[in-house]
Each structure stands twice: as C-alpha cells, then as structure tokens.
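Here is the structure we will look at.
The values are calculated or read from the model by the stated rules, or taken from the named source; none is laboratory data. From a predicted model like this one, the values you see are computed outputs, not experimental measurements. Here the Cβ positions follow ideal geometry from the backbone for every residue, glycine too, while neighbour counts run over all protein chains shown.
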Amino acid sequence: MSRFFTHLEGAWDGTRIAKGTLCNTHEGRPIVARYDLPALKKALTRDEVSRRQGGMWKYRELLPLAESNEPVSLGEAASPLLACPRLGKELGLEQMFIKDESILPTGSFKSRGMTVAISMAKELGVNKVALPTAGNAGGAATAYAARAGIECHVFMPRDTPVINRREALLYGAHVTLVDGLIHDCGRIVRENAAKEGWFDLSTLKEPYRLEGKKTMGIELAEQCGWSLPDVILYPTGGGTGLVGMAKAFGELTELGWLEGEKRPRFYSCQSEGCAPIVRAFSQGERLAQTWENAQTCASGLRVPAAVGDFMMLDAIRASGGAAIAALEASIPGWMRKAASLEGVPLCPETAVCLEVLLNLVRAGTIKPAEKVVVFNTGAAQKYLECLAEPKG
Ligand SMILES: *Cc1c(COP(=O)(O)O)cnc(C)c1O
C-alpha cells in the first residue's frame, strides 16, 4: 500500500477500517480511502507534480497503490481541457470548456476507476472479479482485468448498447445478459460473489474506483493552474465522478495546493427518463428512492438506485449547485452540435449536460462570464444506437 494511504473509512458514519482489508461496503454503505495529508504536504509540492509527465498515475502519492507496485495500466493520458468558443456562443457563455474523457482507454472515463481498482485487486491477491454494468464500466473492467490476467464476470441489462456487450466479449470476459436493469445485475453479483469467489467491483461497493475518478479533479485543477472553474456540469449515474471530484478538491485544499477559496458549483445532470438524484435533491432528501421504469439512451445514466446517493447529494449541496434533469429528446441535437461545431464526440450522457447548461444560462443561474467546464465522459462512437444514419 502507498506510504501516505493510512486507512479506510465508512462514508456514512466514519468507522475506521484497516487498510489492506479486502472489503466492499460497511453496513451496506460505501467505504472511502484516507491519507496522511500533512505528511504528504511535507513530502511533495504541486510544482514537483506539475513537472512530471504523463496522466493520472503521476498523482501516485494521492492514490492507494504501493509505490513499489507497477499499476495495471493501458497508458492513461491526461484528458484535454478544450476551449469551445463556438459552442459557448450558442449557449451564451464566454468561457466554455469541455474536458474530453473520451480519449481514455476503452473510450470513457471509467478506465480511470478501473486502472486503480484492478491494480488494488491485484495487490490484494484477487484473481476473480465480477460487476454489474449499464454500459462503459463493463468495457473498462474487462480490459483492465485482461491486462492483469484476472478473470472477469460481467452482468449487463439485455438492452445495453451493442458495443458494450461486444467489447466485454472481445476482452475475454464472461458476459451474462440480464432481463432487468443495473441494480438487478448488481443483486446477481452480490448473491453469487461468496460462492464463486468473486471480488465485487460494483460502483462505490469497493473503495478504489473512486480514487481513480478523483484524478479527474486533480488533473482539472492542474490544467487550470491549480485553480478551479466557477461551474462544473457532470452527467451523474452511480456518482463516482462527482463524488471523486469533490474528494479531490477537499484533499487539494488540505494540501494547500489550490489558489484562492473559490470552489466550483456542481450541477449533477440526469435524463428525465431516470432522475432519482434530481428528485431527491428537489425534495430535500439525503437518500434517493429507486426510480421506476428507468429509460434513457444515455446508458451511463440508467442507474435507478445508487448506493452513494447521500455522498452525491451532500457534495452537490455543499458546492451550492443543484441536480437537474433534461429532456431525453434534446440528446441527439446536442450530440450533433458539439461534434459539428467543435469536433468533440459527445456521448449522450454529456449531451444531457448541455441542455441543462442552456437552461441554467437562460434562467440567469449561470452568468455569461463564468468559467464553465463540462465533462465529456465517453465517446460518441460507442453509441451507434444514438447516431443518426447519414441522409441520401
Ligand atoms: C458511467 C458513466 C456515467 C456516470 O458516471 P458516474 O460517475 O457513475 O455517475 C456518465 N457518462 C458515461 C459515458 C458513463 O459511462
């Protein structure tokens, strides 16, 4: 284990759990990793980090893997922070950026979580993993498991986009199609894990995918000269991206690496076809009810029930942001607009964010001069079903 990684902690009640323990949840709720940040602060400066080449693994001291262990990696590069002036003009914004995670291995930001989770699984002696997926997590898990020589079992809804089914098979995983949604798949993993000897890699049901997602926030801060934008829009499903970034900003603050006091407002974006976090946010709840009949072509957002719901809702509220849903019908138009105006292959999940953004600018909640960053969490090319056939 990394020398600064001190222990694990129950996210709900702060129960301390020894590091090195192979664990999933504490009383059914997520477990997070904690570090000796005062010691890290003495040992490392942000300038030293900035001088290092490469992507997320350059933040090793803030990750749990032992420094003597090679990460299970596919060469994750830092994702570009792209200025999008034409799209910005369309939206009424002067400083509009997209952080394009579609360039990461397997075409989505899920690889950030999986490179850390699989590296830790290997360090802890795991040889079989299993997970439910609504789409891209399956591709990333199976690729990194193959890279590590670990057996991988994936459970996905029968109507998951065809590319996600085929990529998991391509990487040699055991794929089971389930008549149901991701939480039904999760139940199968949970019920069979002990019997089959699988380590459960479900979102926020092991502590380390979150640590990988955290690097999105660290990387963004570094790219902005160790400061942060005014507003972040993030398409929210299971919530590791949002919660990971909030954790990153907290840790960077403790390290004293961030300029100024300003922290971004998080806008968590969902489709009206599956918006449990939006509903809980607007009702003032800390836990979200399961969303019935979840339907959206943004498969990464088709998460009717998230075990990290309270972590997302806490992070959104603490930031002064909100959780907002957009019309499903707006998705194809925003995918075309981002691709044709800026050359960015927007996934449908992020198309949802642009519709939310337009509404927030129109309402005056986001001001024209504010610096806005939208995360493109995946590549449009992975969503054949959402791409229109060319005419003629
Ligand atoms: C998984 C996924 C999401 C949702 O991310 P969370 O961090 O689980 O909330 C959004 N977009 C894409 C493309 C995804 O694959």
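So, in segment 226-245, exactly how many residues are closer than 15 Å to residue 82 by Cα and not aliphatic (A, V, I, L, M)?
Count: 1.
Please go through segment 219-257 and give me each residue that is assigned to a helix (DSSP H, G or I) and either more than 16 Å from the ligand (Cβ to nearest atom) or free of Cβ contacts under 8 Å to residues at least 12 places away in the same chain (or both), ordered by number. Before you say what the answer is, go through the steps one by one.
First pass over segment 219-257, keeping only residues assigned to a helix (DSSP H, G or I): 219-223, 240-255.
Those that are assigned to a helix (DSSP H, G or I) and either more than 16 Å from the ligand (Cβ to nearest atom) or free of Cβ contacts under 8 Å to residues at least 12 places away in the same chain (or both): 221, 222, 223, 250, 251, 252, 253, 254, 255.
For residues that are buried (at least 24 other Cβ atoms within 10 Å of the Cβ) and charged (D, E, K, R), tally how many sit in segment 337-381.
1
When you check residue 168 against the structure, is it at pLDDT 95 or above and among the small types (Gly, Ala, Ser), yes or no?
Against the criterion (at pLDDT 95 or above and among the small types (Gly, Ala, Ser)), residue 168 qualifies.
Just give me the residues in segment 155-209 being surrounded by 20 or more Cβ atoms within 10 Å (Cβ to Cβ), of a type in the set (Val, Ile, Thr), assigned to a helix (DSSP H, G or I) and more than 19 Å from the chain's Cα centre (by Cα), in sequence order.
Passing the criteria: only 189.
Residues to consider are 117, 77, 83; find the one that is closer than 23 Å to residue 383 by Cα and among the small types (Gly, Ala, Ser).
Working: 117 fails: closer than 23 Å to residue 383 by Cα; 83 fails: closer than 23 Å to residue 383 by Cα.
Answer to the selection: 77.
State whether the residues of segment 309-321 include one that is within 12 Å of the ligand (Cβ to nearest atom), within 22 Å of residue 223 (Cβ to Cβ) and touching a strand residue (DSSP E or B) at 6+ places or on another chain (Cβ under 8 Å).
Yes, there is a match, as at least one residue in segment 309-321 is within 12 Å of the ligand (Cβ to nearest atom), within 22 Å of residue 223 (Cβ to Cβ) and touching a strand residue (DSSP E or B) at 6+ places or on another chain (Cβ under 8 Å).
Between a first residue in segment 190-216 that is more than 23 Å from residue 375 (Cβ to Cβ) and a second residue that is of a type outside the set (Lys, Arg) and assigned to a helix (DSSP H, G or I), which pairs have beta carbons less than 8 Å apart while being 6 or more apart in sequence or on different chains?
If the second residue must be of a type outside the set (Lys, Arg) and assigned to a helix (DSSP H, G or I), the pairs left are 198/189; 198/192; 199/121; 199/193; 200/189; 200/193.
Just give me the residues in segment 109-125 being farther than 12 Å from residue 214 by Cβ and basic (Lys, Arg), in sequence order.
110, 122
Quick one: how many residues across segment 333-348 are assigned to a helix (DSSP H, G or I) and more than 16 Å from the ligand (Cβ to nearest atom)?
Number satisfying all stated conditions: 6.
Looking only at segment 304-324, which residues are buried (at least 22 other Cβ atoms within 10 Å of the Cβ) and farther than 22 Å from residue 263 by Cα?
306
Hey, which of the helices (runs of 4 or more DSSP H) in segment 45-145, taking only ones fully inside, have at least 3 residues that are within 16 Å of the ligand (Cβ to nearest atom), crowded, with 21+ Cβ neighbours inside 10 Å and in contact (Cβ under 8 Å) with a residue 40 or more places away in the chain? Give the derivation first.
Numbers: elements: 46-51, 85-91, 110-123.
Qualifying helices (runs of 4 or more DSSP H): 110-123.
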